[in-house]
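Q: Okay, handing you the structure first.
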Amino acid sequence: MSNAAVITECADIIESAVRNRIAIGRLTEQFPDLTLDDGYAIQDVITGRRLARGERLIGAKLGLTSRAKQLQMNVAEPMYGRLFSAGPHPSNEPFVVSSLIHPRVEPEIVFVMKEHLAGPGVTVGDVIAATKYVCCGLEIIDSRYDNFSFTAADVVADNTSEAKIVMGPIMITPTDVDLALVGLLLEVDGEQVATASGAATMGHPAEAVAMLANWLGTRGQAIEAGWCVYSGGLTAAVPLAAGSHVAATFGHLGTVTVRGI
Ligand code: OOG
Ligand code: MG
């Protein structure tokens, strides 16, 4: 584990990349000994600073929970990040692509929680029982690293590329459908680019949420009532270009879209 000065310096580097909207080289190039725990320590420092500046936590996100994402990013390790009050973007408003460095979009299944949930021992059934509703969503990610090129420690430090979220229009009770078998069609400018089902994230999207609750439990933290949890991209992410339109249509959960300008 790196010392506190290195953690603080890394937090400063990431925060200035966010502020200046300029991609940076990997932290692990500069600090080759950074561990995954260091990554979470850096994420925690930045989270604390954002909360102190008046942002609020509204949820959490899983990263790299599907094979498609792991292959695209060349990182095979699932992880988590935080979602903040500045994140939600209304789906009927165009998204200004130049407000981020190099945004990409990915389709996800979203859990909105009615109960606090923390490990150890949290199962898929516990997740379903603690969920108020599920909906579909698009996550707009924006790596602070050049070319989205990073190790697991780097991307955890960068809050797993967190930037913006869009939520779909239909809320369903999670016991009403088999989320593993919810189909997904991803289209860019009307062209089909990928298909998947809920099972792409660890066999069942609630499996990813259970893993998050168990991880947070080991750190004395929890998934809180009212939070939304993005369970992880089901397909490889697609670039969000000015003028492009990305639509994800899910079985039972409807369509969620974003248009870049
Ligand atoms: C890291 C974020 C991964 C997901 O859903 O897998 C993620 C990245 O791909 O830049 O949010
Ligand atoms: Mg994601």
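The values are calculated or read from the model by the stated rules, or taken from the named source; none is laboratory data. Computed from a predicted model, the values in this text were never measured in an experiment. Cβ: placed from backbone, ideal geometry, glycine included. Neighbour counts: every protein chain shown. Each accessible area value is taken on the protein alone, full model and side chains, heavy atoms only, with ligands, DNA and RNA left out. Shrake-Rupley method; radii C 1.70, N 1.55, O 1.52, S 1.80 Å.
Q: Using only the heavy atoms of the protein chains and a 1.4 Å probe, how would 47, 173 rank by accessible area, largest first? List each step's numbers first, then the result.
A: Numbers: 47 15, 173 65 Å².
The residues order as 173, 47, largest area first.
Q: Over segment 1-155, calculate the relative contact order: mean separation of alpha carbon pairs under 8 Å at least 6 apart, over the residue count, as a percent. Before the final figure, lay out each step's value.
A: Details: 180 pairs, mean separation 46.1, N = 155.
With pairs under 8 Å counted, the relative contact order is 30 percent.
Q: Which order do you get for 249, 195 if you rank them by accessible area with a 1.4 Å probe, largest at the top?
A: 195, 249
Q: With a 1.4 Å probe and every protein chain kept in, tell me what percent of the accessible surface of the chain is carbon plus sulfur.
A: On the way: 5530 of 10450 Å².
So the carbon and sulfur contribution to the accessible surface is 53 percent.
Q: Please report the relative contact order for the chain, taking Cα pairs under 8 Å with a sequence separation of at least 6, and give it as a percent rounded to a whole number. Don't jump to the answer; show the numbers that get you there.
A: Numbers: 616 pairs, mean separation 72.4, N = 261.
Normalised by residue count, the contact order of the chain is 28 percent.
Q: Does segment 55-202 come out rounded, prolate or oblate by the C-alpha gyration tensor, with a ≥ b ≥ c the root eigenvalues, rounded set by a/c under 1.5 and, if not, prolate when a/b is larger than b/c and oblate if not? Provide the component values of the computation, followed by the final result.
A: Details: a/c = 1.38, a/b = 1.24, b/c = 1.10.
It is rounded, given that a/c, with a ≥ b ≥ c, falls under 1.5.
Q: With every protein chain in place, what's the accessible area of residue 91 (1.4 Å probe, Å², nearest 10)?
A: 50 Å²
Q: Another one. Report the trypsin sites (Lys or Arg not before Pro) located in segment 1-103 that are in a DSSP loop and have at most 14 other Cβ atoms inside 10 Å of their Cβ, or state none.
A: Numbers: sites: 19, 21, 26, 49, 50, 53, 56, 61, 67, 69, 82; in loops: 21, 26, 53, 56.
Sparse-neighbourhood loop trypsin sites (Lys or Arg not before Pro): 21, 53, 56.
Q: Here is a follow-up. Over segment 116-243, with the other protein chains present, what is the accessible area per residue in square angstrom, probe 1.4 angstrom?
A: Working: 4540 Å² over 128 residues.
With all protein chains present, segment 116-243 gives 35 Å² per residue.
Q: Check the straight Cα-Cα distances from residue 114 and name the lysines below 17 Å, setting aside those fewer than 8 residues away within the same chain.
A: 61, 132
Q: If you don't mind, another one. Given the rule -39500 (n - 2.57) for each run of at least 4 DSSP H residues, summed and divided by the residues of the chain, what is its mean residue ellipticity at 222 nm, to the nearest 500 deg cm²/dmol? Walk me through the numbers before you get to the answer.
A: On the way: 7 runs with 72 residues, N = 261.
Computed ellipticity for the chain at 222 nm equals -8000 deg cm²/dmol.
Q: Answer rounded, prolate or oblate for segment 91-145, using the Cα gyration tensor with square roots of eigenvalues a ≥ b ≥ c: rounded when a/c is under 1.5, else prolate when a/b is larger than b/c, else oblate.
A: Details: a/c = 3.61, a/b = 2.14, b/c = 1.69.
Taking the square roots of the gyration eigenvalues as a ≥ b ≥ c, segment 91-145 is prolate.
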